[in-house]
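All remarks here apply to the structure that follows.
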Amino acid sequence: MTRRVVLGALGSMVSLGALSEASREPPETLSVRIWLSERAATYEGVTDRIREYLAAIRSLEHWTVDLSFGGTVAVSTENAARLMTRGEWPKAVVAGGLGRRDLEPVADVNLLVTDGRMGEAPTGYGVPHIASVGGARHIADLEPFDASLIDGTRWIVPNTAPTRTMQVLVHEIGHALGLDHEHGVAIRDGEAVIATPMLSSYAWDPSYRADRARCGSAMPPMSDGLEKRLSFAFSACARRELATYDGGLFSDAVGTDRDPIATG
């Protein structure tokens, strides 16, 4: 199923026309609200780790980020992608925006975190301003944020299940703000290949075809022996694209994310 077909189907299912996306002056404050599935909420420290890492990551440097948590949500499955493609989470967000459900969306990013598996795609999905991603147990396993854990200004970290999951969460926020995978790059640095959030582990997926990214950088070959590393910082061209963001929805309502990505 292509992205265009999925986005069209989601728009039809949740009647996004009732909450039309509106252009506005570039916002000074970006509203990001995160909900947890009931099972995701059983892991201690999930919201603390999300708050710490998103507050520290300077990838969203164009705005002041108003990060909030909406509480827990009962869901039919922990499979984050299915919650999007079947319309369950988008319908819930739209219903909240219309005052038909006890759920208060925000204008820019509405992200649901579940306890879904992260070893095989799809691990999440979305469309502008609404997204869902799995991996709550891995987020809970992250070390409390410490700047000494980060390598340099590119926010480079080892490729582990917890760091991949946090990078995928950043990836989904990027999609919710209009970025595509082509805004991601992979960088060869000595004996390592470093992937930025919008490319993430697609950088070493042999089935992923991307000779050149929208950013104009060729993806380096992932040969045996090269270390896989991750960056929490968006690429330069992704940041340029983010600087043009002026979306949002009437009545501080909804949005969503794009394609799935595996962290295995």
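Over all other residues within a Cβ to Cβ distance under 13 Å of GLU143, the charged ones net out to -3, with Lys and Arg as +1 and Asp and Glu as -1.
The equivalent ellipsoid that matches the C-alpha gyration tensor of region 28-252 spans semi-axes of 28, 19, 17 angstrom, in descending order. Close amide H partners of ASP189, meaning residues 5 or more places away or on another chain with modelled amide H under 5 Å apart, are ILE194.
Over region 28-252, calculate the relative contact order: mean separation of alpha carbon pairs under 8 Å at least 6 apart, over the residue count, as a percent.
Numbers: 447 pairs, mean separation 46.0, N = 225.
Reported as a whole number, the value is 20 percent.
Here, each number is a calculation from the coordinates, and none is a lab measurement. Note that the coordinates shown come from a computational prediction; the quantities given were computed from them, not determined experimentally. As a convention, Cβ positions derive from the backbone with ideal geometry for all residues, glycine included, and neighbour counts pool all protein chains shown.
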